[in-house]
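Novice: Let me give you the structure first, and then I'll get to my questions.
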Amino acid sequence: MAAAGAVDKRRLAWAPTPVTLLFRYSSGSMTFRFIHTADWQLGKPFGRFSPELAAQLRAARIDAIGTIAAAARAQGAAHVVVAGDVWDCETPSDETLAKPLDAMAQAADVTWWLLPGNHDPAARHGLWDRLRAGTLPANIRCLCSAEPVEAAPGVVFLPAPWESKNPGRDLTEDYARKATPEGALRIGIAHGGTVEFSQDAVQSSAIAKGAAARGGLDYLALGDWHGHKRVDERSWYAGTPEPDRFPQNAPGYVLSVEVAPGAVPVVEPLRTARYCWSADRLELLAEGDPVTRFEALHDQSFERRYRLAKVEVTGAVRLEDRAALLDHIGRESHRYAHLETEHSRLDTLIEAAGLEAMGAEGSLRQTAEDLHALSEDAAADPSRRDEAKLALDLLMTFAA
């Protein structure tokens, strides 16, 4: 018995169309395994970073294609589904188009299924027309039409491609009207935020709760949320295979998916990331070594040259410990791909012993004490207090 509001796919009449010809198939005990990924956003500029780092991050996104192909082979999967935002914009350069295609063509034993998303919609005369006007490698399929397509015997993909930046409706609504052969596995491929949350997608295009059940789907492969996330037992976001921002929402994975008739899909996240992005908070106390605490923030699973980190430092430390920490961060920053720290909320406990340990005396000592007093003066203008803290940090760095 089909669930209320769901489509009983066994009762759907199947009529082949001129666009897509599918075959009747009795699935029996068959299973279908594939890799679900999304949000590659190839060509992303990463403009906030140095040109050298930005180029490395862009290259890592192309290199991830080989990593995904290797994961597919290891899982015994011959298909990779990219659920939207393959490219970062509608008008990528010829180089940004060609290099990923070459990388996918190198994995000739894998079929790549590419869905247009909100960053790269299938607009007329856009990048997808450019792709189809050329000679695409035989193992790359562009899902620019909402018509069902047979991916393997007894397995039907139901794409929901974006054709503009603002479709203005939930594109998964069409699944319930799409007929497929009796017994075939129905796998939806869509892009966009759900009604519970939305990231970059236009809210009018948000995907309603229960889309997989209403569409009679065995699995719904989603893109747009940049971390892997379970929506319900048949609906998952894969996330981006290479992180591209600091919020911690489990990016850097693809999903290995196994679908069988009548069974709950088996989904396994597989790590693919070369770079690690982290946002950390380091709360310090007067007791304890702040350098040791800083070092404990980041595990050794990623070399520091592949780590981009933001660290907010709070609490209160002695003057000499603050100086040691800032000096350590300054030296260590060169080992990271990117390291930025915010320590305006870190209070300094100035003691005579601390100034003496720094060799501070005369005008230097008086300046340090004056800056500390201003930074702690509740009646002073906040911007002046921040400037005093910054000046004190610089003074301690040079005096250490």
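Novice: Could you say whether any residue in region 28-46 is polar (S, T, N, Q), surrounded by 12 or more Cβ atoms within 10 Å (Cβ to Cβ), closer than 30 Å to Val266 by Cα and modelled with pLDDT of 95 or more? Break it down stepwise before answering.
Specialist: So in region 28-46, the residues polar (S, T, N, Q) come out as 29, 31, 37, 41.
Then keep just the ones that are surrounded by 12 or more Cβ atoms within 10 Å (Cβ to Cβ); that gives 31, 37, 41.
With the extra rule that they be closer than 30 Å to Val266 by Cα, the set shrinks to 31, 37, 41.
From the residues that got through so far, the ones that are modelled with pLDDT of 95 or more too are 37, 41.
Taking every residue of region 28-46 in turn, at least one turns out to be polar (S, T, N, Q), surrounded by 12 or more Cβ atoms within 10 Å (Cβ to Cβ), closer than 30 Å to Val266 by Cα and modelled with pLDDT of 95 or more.
Novice: Here's something else I'd like to know. Could you tell me which numbered condition Arg10 fails, if it satisfies all but one of (1) within 26 Å of Cys144 (Cα to Cα); (2) at pLDDT below 95; (3) part of a helix (DSSP H, G or I)?
Specialist: The failed condition is (1).
Novice: If you take the residues of region 48-66 that are touching a residue at least 60 places away in the same chain (Cβ under 8 Å) and not acidic (Asp, Glu), which of them is nearest to Met104 (Cα to Cα)? Give the derivation first.
Specialist: Taking region 48-66 first, the residues touching a residue at least 60 places away in the same chain (Cβ under 8 Å) are 49, 53, 56-57, 60-61, 63-64.
Among the residues that remain, those that are also not acidic (Asp, Glu) are: 49, 53, 56-57, 60-61, 64.
On the way: Phe49: 28, Leu53: 24, Gln56: 19, Leu57: 19, Ala60: 14, Arg61: 12, Ala64: 10 Å.
Top of the filtered list is Ala64.
Novice: For Asp102, are the conditions met, namely being within 27 Å of Leu220 (Cβ to Cβ) and at pLDDT 95 or above? Full working, then the answer.
Specialist: Values: within 27 Å of Leu220 (Cβ to Cβ): no; at pLDDT 95 or above: yes.
Criteria not met by Asp102.
Novice: Based on this model, can you work out whether His338 counts as closer than 30 Å to Ile35 by Cβ and surrounded by 15 or more Cβ atoms within 10 Å (Cβ to Cβ)?
Specialist: Details: closer than 30 Å to Ile35 by Cβ: yes; surrounded by 15 or more Cβ atoms within 10 Å (Cβ to Cβ): yes.
Answer is yes for this residue.
Novice: Continuing with this model, one more query. Consider region 219-245. How many of its residues are within 20 Å of Ile62 (Cα to Cα) and of a type outside the set (S, T, N, Q)? Can you show your working first?
Specialist: Restricting attention to region 219-245, the residues satisfying the condition of being within 20 Å of Ile62 (Cα to Cα) are 223-228, 238-245.
Filter once more, keeping what is of a type outside the set (S, T, N, Q): 223-228, 238-239, 241-245.
Counting residues in region 219-245 that are within 20 Å of Ile62 (Cα to Cα) and of a type outside the set (S, T, N, Q) gives 13.
Novice: How about region 200-247: which of its residues are modelled with pLDDT of 90 or more, among the acidic types (Asp, Glu) and either surrounded by fewer than 19 Cβ atoms within 10 Å (Cβ to Cβ) or within 11 Å of the chain's Cα centre (by Cα) (or both)?
Specialist: Answer for region 200-247, where residues must be modelled with pLDDT of 90 or more, among the acidic types (Asp, Glu) and either surrounded by fewer than 19 Cβ atoms within 10 Å (Cβ to Cβ) or within 11 Å of the chain's Cα centre (by Cα) (or both): Asp224, Asp232, Glu233, Glu242, Asp244.
Novice: Among the residues of region 174-186, are any more than 19 Å from the chain's Cα centre (by Cα) and modelled with pLDDT under 90?
Specialist: Of all residues in region 174-186, those more than 19 Å from the chain's Cα centre (by Cα) come to 174-186.
From what's left, modelled with pLDDT under 90: none.
There is no residue in region 174-186 that is more than 19 Å from the chain's Cα centre (by Cα) and modelled with pLDDT under 90.
Novice: Residues Leu131, Leu101, Leu127, Leu115: which one is surrounded by 14 or more Cβ atoms within 10 Å (Cβ to Cβ), in the same structural domain as Gly192 (by TED's automatic domain parsing), within 20 Å of the chain's Cα centre (by Cα) and of a type in the set (A, V, I, L, M)?
Specialist: Values: Leu131 fails: within 20 Å of the chain's Cα centre (by Cα); Leu101 fails: within 20 Å of the chain's Cα centre (by Cα); Leu127 fails: within 20 Å of the chain's Cα centre (by Cα).
Sole residue among the options that is surrounded by 14 or more Cβ atoms within 10 Å (Cβ to Cβ), in the same structural domain as Gly192 (by TED's automatic domain parsing), within 20 Å of the chain's Cα centre (by Cα) and of a type in the set (A, V, I, L, M): Leu115.
Novice: Given Ala54, Ala71, Ala59, Ala108, which one is within 24 Å of His191 (Cβ to Cβ) and assigned by TED's automatic domain parsing to the domain that holds Gly239? Full working, then the answer.
Specialist: Working: Ala54 fails: within 24 Å of His191 (Cβ to Cβ); Ala59 fails: within 24 Å of His191 (Cβ to Cβ); Ala108 fails: within 24 Å of His191 (Cβ to Cβ).
Step by step, each of Ala54, Ala71, Ala59, Ala108 is checked, and only Ala71 is within 24 Å of His191 (Cβ to Cβ) and assigned by TED's automatic domain parsing to the domain that holds Gly239.
Novice: With respect to Arg293, is the statement that it is at pLDDT below 85, in a helix (DSSP H, G or I), among the charged types (D, E, K, R) and over 24 Å from the mean Cα position of the chain (by Cα) true? Outline the logic, then answer.
Specialist: Numbers: at pLDDT below 85: no; in a helix (DSSP H, G or I): yes; among the charged types (D, E, K, R): yes; over 24 Å from the mean Cα position of the chain (by Cα): yes.
When the stated conditions are applied, Arg293 does not pass them.
Novice: With the requirement that a residue be of a type in the set (Asp, Glu), modelled with pLDDT of 75 or more and part of a loop (DSSP other than H, G, I, E, B), what does region 344-388 give you?
Specialist: Glu376, Asp377, Asp381
Novice: What are the residues in region 76-98 that are within 28 Å of Gly193 (Cβ to Cβ), of a type outside the set (A, V, I, L, M) and surrounded by fewer than 21 Cβ atoms within 10 Å (Cβ to Cβ), if any? Steps first, answer last, please.
Specialist: Going residue by residue through region 76-98, those that are within 28 Å of Gly193 (Cβ to Cβ) are 77, 79-92, 96-97.
After this cut, where a residue has to be of a type outside the set (A, V, I, L, M) as well, the list is 79, 84-85, 87-92, 96.
Result: Asp88, Cys89, Glu90, Thr91, Pro92, Thr96.
Novice: What tally of residues in region 296-320 results from selecting those that are modelled with pLDDT of 90 or more and buried (at least 19 other Cβ atoms within 10 Å of the Cβ)?
Specialist: Matching residues across region 296-320 total 4.
Novice: I'd like the full set of residues that are in a helix (DSSP H, G or I) and either modelled with pLDDT of 80 or more or in contact with an Asp or Glu (Cβ under 8 Å, 6 or more places away or on another chain) (or both), limited to region 389-400.
Specialist: Residues of region 389-400 that are in a helix (DSSP H, G or I), as a first pass: 389-399.
Selection gives Thr397 alone.
The values are calculated or read from the model by the stated rules, or taken from the named source; none is laboratory data. Keep in mind that this is a model prediction, so the values were computed, not measured. Here the Cβ is made from the backbone with ideal geometry for all residues, glycine too, and neighbour counts use every protein chain on show.
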